[in-house]
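Here is the structure we will look at.
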Amino acid sequence: MARDTSPQCKQCRREGVKLFLKGERCLTDKCAIERRSYPPGDHGRGRSRQSEYRLQLREKQKARRYYGVLEKQFRNYYAKASGQSGVTGENLLRLLESRFDNVLVRLGFAASRRQARQMVRHGHWAVNGKRVNIPSYQLRPDDVITMRTGAAAEPVVRDATELTSAVPAWLQADHDGLTAKVLRLPERQEITTPVQEQLIVELYSK
């Protein structure tokens, strides 16, 4: 499975916002954005030239890194979103939000998407009673998520649930039983991803 192995804290610093790539660490004073709020590299503190293309590119990179998606995957998501009815930008975010690894984070069953991805790959979770080990698996309304009996990751998941303050309205979670259900697809106002999807659409529309 192809994955991004670059330093996560540098990704947040490059985008200038917290992408919450390291779970609990991002909520402490050890967060790289808190300690060094400028971009990484020798020219991080220098003046950068703003342009329309640069803003669009940074927005795309921010969304890609937030969800932990590689470039080719992201382009495929955009192609699928543009082929659906409705607003392309909203369709794109909805597809990304419906990824199995992202839903586990939204439910509070994982502290970060990288952790969720690892648990899925190791086969600790099932959807509708069948084991699913594909992090990008697209969940649909009425899908039921359960942790497999005797999964070694259960202590890690229970620790992650303690960091969760609330679960989105489009999901339903039972933190005691470690089960959940997708009630419906999210509306745009329910998606808290810090991106302006219209800039991404403009970038790919060139």
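Here are the numbers for the structure shown:
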read-out	value
Zone of Gln50's modelled label, taken as backbone nitrogen in region 181-206 under 14 Å from a point 7 Å along Cα→Cβ	none
Region 139-206-region 80-115 distance, computed between alpha-carbon centres (Å)	8 Å
Dipole of region 99-184, positive end: most advanced residue of Met119, Asn133, Ile145 [Cβ charges, Cα centre]	Asn133
Student exercise, region 52-162 dipole from Lys, Arg, Asp, Glu Cβ charges, in Debye to nearest 20	440 debye
Region 99-184: C-alpha gyration tensor shape, a/c 1.5 cut-off, then a/b vs b/c	rounded
Estimated FRET transfer efficiency when R0 is 25 angstrom, pair Gln73-Arg140 (beta carbons, to 0.05)	0.85
Within region 120-135, backbone nitrogen closer than 17 Å to the virtual label 7 Å beyond the Cα of Asp174 toward Cβ	125-130
Given charges at beta-carbon only (K, R positive; D, E negative), |dipole| of region 141-206 in Debye	160 debye
Over 27 Å between alpha carbons, listed pairs Lys60/Lys130; Lys60/Lys181; Lys62/Lys130; Lys60/Lys80; Lys181/Lys206	Lys60/Lys130; Lys60/Lys181; Lys62/Lys130; Lys181/Lys206
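A short reminder: the numbers here are calculations on the coordinates, not readings from a lab. What you are looking at is a predicted structure, and each value in this text was computed from that prediction instead of being measured. Note that each Cβ is placed from the backbone with ideal geometry, even for glycine, and that neighbours are counted across all protein chains shown.
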